[in-house]
Amino acid sequence: ALSLALWFQNDVQASLSALRHACSLNPNDTEIMGELGFRYAVLADWNRAVPLLEQCYERNPAQPNNHRLGLALFHFAHGRFEEALAEARKLDVPNVIYGHLLVAAAAARAGHTTLAKDALARIHAIDPLYGQRVAADLRARNVNDNLIHHISAALRLAGMDIPARQDGDGAYQDSYSV
């Protein structure tokens, strides 16, 4: 709980420190392990993220699938869009945007147009104006800027209307194109 509070106060290092401390107190807690792996994935620290995420699911196959988003981000960032899509589709959070976001982005890059459009429809059902603030939302969640660029470009490819400049903080300029 402390880690999440610190994370959303944008105190990333303190948040990670709290999770590392929790892991040291209970190295067998797969939820803490998965949460730390997910946070590293959001930061695109793959060398730390992937082993933790894989280990949390190896140790506990019944682990909730929400941390699979970190594995989906890993595959997406490395151009393995089918693998990213497979991980993102394992998420079972129908009323949360982020699984649909990765499905839409990975499906668009993998050439699965219908699947990408279906995921966009789910996003729009949750938040019809999400495209207007996608970068600001991901930035507020401490997502790595390069990931934001790649995800935004893929969402545009899928058909999401994302302005070239988003003024959440006035600094974001999405100039990435594949």
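The values are calculated or read from the model by the stated rules, or taken from the named source; none is laboratory data. Worth saying up front: this structure is predicted, and the values here are computed from it rather than measured. Every residue, glycine as well, gets a Cβ built from its backbone with ideal geometry; the counts of neighbours run over all protein chains shown. What goes into the accessible areas is simple: the full protein's heavy atoms, side chains included, and nothing from ligands, DNA or RNA. Shrake-Rupley method; radii C 1.70, N 1.55, O 1.52, S 1.80 Å.
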Query raised in the report: Before we move on, is Ala121 of a type in the set (Gly, Ala, Ser), within 12 Å of the chain's Cα centre (by Cα) and over 16 Å from Leu43 (Cβ atoms)?
Result: no
**Report entry** Filtered residues of region 124-137 (kept if under 24 Å from Leu43 (Cα atoms) and open to solvent by 10 Å² or more (accessible area, probe 1.4 Å))
**Finding:** Gln132, Arg133, Ala136, Asp137
**Report entry** Residues of region 36-73 satisfying the condition of being acidic (Asp, Glu) and in contact with a His (Cβ under 7 Å, 6 or more places away or on another chain)
**Finding:** none
Report task. Enumerate the helices (runs of 4 or more DSSP H) found wholly within region 5-77, keeping only those where 3 or more residues are surrounded by fewer than 17 Cβ atoms within 10 Å (Cβ to Cβ). Result -> 12-25, 46-59
Query - Cβ-Cβ under 7 Å pairs, at least 6 apart or on other chains, region 74-90 side among the hydrophobic types (A, V, I, L, M, F, W, C), far side open to solvent by less than 40 Å² (accessible area, probe 1.4 Å) and part of a loop (DSSP other than H, G, I, E, B) - result: Ala77/Ala44
Query raised in the report: For region 83-107, how many residues are under 20 Å from Asp161 (Cβ atoms) and either hydroxyl-bearing (Ser, Thr, Tyr) or open to solvent by 20 Å² or more (accessible area, probe 1.4 Å) (or both)?
Result: 2
